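The values are calculated or read from the model by the stated rules, or taken from the named source; none is laboratory data. Note that the structure is predicted; figures quoted are calculated from it, not measured. Every residue, glycine among them, receives a Cβ derived from its backbone with ideal geometry; neighbour counts consider all protein chains shown.
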Amino acid sequence: MRDLIINFFYLISSVFFILGLKMLSSLKDAKKGNFISAIGMLIAIIATLISKEIVDYFWIIIGIGIGTILGIISAKKVLMTKMPQMVALLNGFGGLASLLVGWGVYYYNVNIDIFTASTIFLSILIGGITFTGSMVAWAKLDEKITGKPILFHGQMILNVSLLLAMTIIGIIFSINPSSTLILSIVLVVGSLILGVLSVIPIGGADMPVVISLLNSYSGIAACATGFVIKNNALIVSGALVGASGIILTSIMCKAMNRSLSNVLFSGFGSLKIQETSKEKKEAKSISAKDAYFVLEAAKSVVIVPGYGLAVAQAQHLVKELCDILEENDIDVKFAIHPVAGRMPGHMNVLLAEADVSYDKLVEMDDINRIIDTVDVCMVIGANDVVNTSARDDKTSPIFGMPIIEVDRAKNVFILKRSMASGFAGIDNPLFYKENTAMIFGDAKKTLSEIIEEF
Amino acid sequence: MDPQTIIFLSFILILSIFLGFELISKVPSTLHTPLMSGSNAISGITLVGAMVACGAAANKPLITFLAVIAIIFATINVVGGYFVTHRMLKMFKAKDKGSRKK
């Protein structure tokens, strides 16, 4: 009877999750959706508390108490520019929890059948990869370690053989779970190592893909844990999250015109390309004052933000400039490339923080349609997403990636710290075009100089 | 686990995956980050599993230890995820020209 009631509540919370996710995909209802999904979670937690398997509440309350405090503090304190790191960390924590539950259940049960053992194996494997993978992603995003791909000789072979070894161990473990205590530890350690190894060869600019994929993994891990403890709520919500993560991953891959395997295995961005050294091309550099004169005469301005905007924390100044331009009857839009920044939607969040209305944000395809009529394109801290060689140069490693075609605008201003190439390590022919002018310096400083001129 | 349970759980899994794809196939890019952190909070449902493992493991210190750590991290995942999503969504607004939707 009690089981029936609990499962009834799980059903309700699953419905809440589904409704919540549905609403999260529409701007109007998103806030409500998040709230509904949180209520669903609360219902699931309370329902679990009345489960007859639970005999001791002390540690549960302690654990939830600590987790809640830490969760609230971190969510309140995190800067919007650091949101990718936050998402990576939370992802990782979910994965770690799945690993620990799988491992714990293994110790707890004496008689485990093959099916349960194999789900424990999956729970540990996917949970472990999600955990350490996310930690590495976090470290890369936070620049605790280099954002460049870390490659070494025989890396692929090592990764593949490790995964193979893990699968074999997993099978042995599943067939004969009771006598293999040490094997479970090997599984845990192996999964953790695999997580590290699979993310270190991926460059920082590919993080939008990695984060969405890890998001998906954390769902799949929860799903596997659901099989371990035969819990419908976990299976349903895990599958929903897994599916949504995969959709985001494929959107990100499409936006870069690359396959998932290319992102995961190619070590993109580690290439050293010196093609441009043969002809010395000169980029034109102008001052903030010059930029002001052009901006003042313009009728329409499109701002293209990139990761550099987040690094410089310049989103509020951009908004200020946008307001001033509008006061002068200049039409201002923001063109956002799907993979600008370090996670899906990164730029949108930053601009929202600075109070930029979201109807000013235009997606890549829409802006490319009208970009010929734009007077000034200001590229702030973006590089690869406006690199014309992706469109023109068949030999370029990023050839085929859809870009925001700023070079078609009448004037292009590029706010940049130096001539250094973007993350992909590829020179940008855009910088040498006639209608392009570079404004060197910190984006924040340059913007405030332009604003002062008005 | 008896075959019937396996089949039953597998049905739930497969149908949920399809449902997930249907639910999220058309998301405006502005919502990509909140969707990710919001769905991430849902994946913290592992908390339920951790609670069961923890509560059932009285007098087994090692399991209790593993489970409590799991509870702490899953709770951070859940609470942090929902809060941070809420914080972001609160910032999204269309002003100036009324509340025109895109």
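Candidates in segment A:197-255 are the residues that are without any contact (Cβ under 8 Å) to a residue 40 or more places away in the chain and under 18 Å from A:ALA137 (Cα atoms); of these, the one that is nearest to the other protein chains (Cβ to nearest Cβ) is A:GLY219. Do you know which residues across segment A:317-373 are touching a helix residue (DSSP H, G or I) at 6+ places or on another chain (Cβ under 7 Å) and basic (Lys, Arg)? A:LYS333, A:ARG342 - these are the residues of segment A:317-373 that are touching a helix residue (DSSP H, G or I) at 6+ places or on another chain (Cβ under 7 Å) and basic (Lys, Arg). Whether a residue is assigned by TED's automatic domain parsing to the domain that holds A:VAL304 and closer than 30 Å to A:ASN262 by Cα was assessed, and A:ASN428 passes this test.
When only residues in segment A:424-448 that are among the small types (Gly, Ala, Ser) and out of contact with any Phe, Trp or Tyr (no Cβ under 8 Å at 6 or more places or on another chain) count, which is modelled with the highest pLDDT? I'd like the intermediate steps shown before the answer.
Start the filter on segment A:424-448 by keeping residues that are among the small types (Gly, Ala, Ser), which leaves A:424-425, A:437, A:441, A:443, A:448.
With out of contact with any Phe, Trp or Tyr (no Cβ under 8 Å at 6 or more places or on another chain) added as a condition, the list becomes A:425, A:441, A:443, A:448.
Numbers: A:GLY425: 63, A:GLY441: 84, A:ALA443: 84, A:SER448: 89.
Selected residue: A:SER448.
For A:LEU125, the criteria (1) in contact (Cβ under 8 Å) with a residue 12 or more places away in the chain; (2) at the interface with chain B (Cβ under 9 Å from one of its Cβ atoms) hold in every case but one, which is (2).
Pick from B:THR30, B:THR64: which is in a helix (DSSP H, G or I), surrounded by 14 or more Cβ atoms within 10 Å (Cβ to Cβ) and touching a strand residue (DSSP E or B) at 6+ places or on another chain (Cβ under 8 Å)? It would help to see each step written out before you state the result.
On the way: B:THR64 fails: touching a strand residue (DSSP E or B) at 6+ places or on another chain (Cβ under 8 Å).
On inspection, the qualifying residue turns out to be B:THR30.
Considering the conditions (1) out of contact with any Asp or Glu (no Cβ under 9 Å at 6 or more places or on another chain); (2) modelled with pLDDT of 90 or more, A:ILE330 is excluded by exactly one of them, (1). Across segment B:1-25, what is the total count of residues that are more than 7 Å from every other protein chain (Cβ to nearest Cβ) and under 14 Å from A:THR249 (Cα atoms)? Of the residues in that region, 0 qualify. A:VAL385 falls short on exactly one of the conditions (1) of a type in the set (A, V, I, L, M); (2) under 20 Å from the mean Cα position of the chain (by Cα); (3) not in a helix (DSSP H, G or I), and that condition is (3).
Inspect segment A:261-279 for any residue being under 16 Å from the mean Cα position of the chain (by Cα) and at pLDDT below 90 and give the result as yes or no.
To start, the set of residues in segment A:261-279 that are under 16 Å from the mean Cα position of the chain (by Cα) comprises A:263-264.
Remaining after also requiring at pLDDT below 90: A:263-264.
Yes: segment A:261-279 contains one or more residues that are under 16 Å from the mean Cα position of the chain (by Cα) and at pLDDT below 90.
Consider segment A:98-109 and keep the residues that are at the interface with another protein chain (Cβ under 7 Å from one of its Cβ atoms), without any contact (Cβ under 8 Å) to a residue 40 or more places away in the chain and not hydroxyl-bearing (Ser, Thr, Tyr). The one that is farthest from B:CYS54 (Cα to Cα) is A:LEU100.
Scanning segment A:15-45 for residues that are touching a residue at least 60 places away in the same chain (Cβ under 8 Å) and of a type in the set (A, V, I, L, M) returns A:ILE18, A:LEU21, A:LEU27, A:ALA44. From the list A:ILE235, A:ILE229, the lone residue that is at pLDDT 90 or above and surrounded by 19 or more Cβ atoms within 10 Å (Cβ to Cβ) is A:ILE235.
Quick one: is A:GLY67 free of Cβ contacts under 8 Å to residues at least 24 places away in the same chain and in contact with a Ser or Thr (Cβ under 6 Å, 6 or more places away or on another chain)? Steps first, answer last, please.
Values: free of Cβ contacts under 8 Å to residues at least 24 places away in the same chain: yes; in contact with a Ser or Thr (Cβ under 6 Å, 6 or more places away or on another chain): yes.
Spelling it out, A:GLY67 is indeed free of Cβ contacts under 8 Å to residues at least 24 places away in the same chain and in contact with a Ser or Thr (Cβ under 6 Å, 6 or more places away or on another chain).
Of all the criteria given as (1) away from chain B (no Cβ under 14 Å); (2) on the phi < 0 side of the Ramachandran plot; (3) not acidic (Asp, Glu), the one not satisfied by A:GLY381 is (2).
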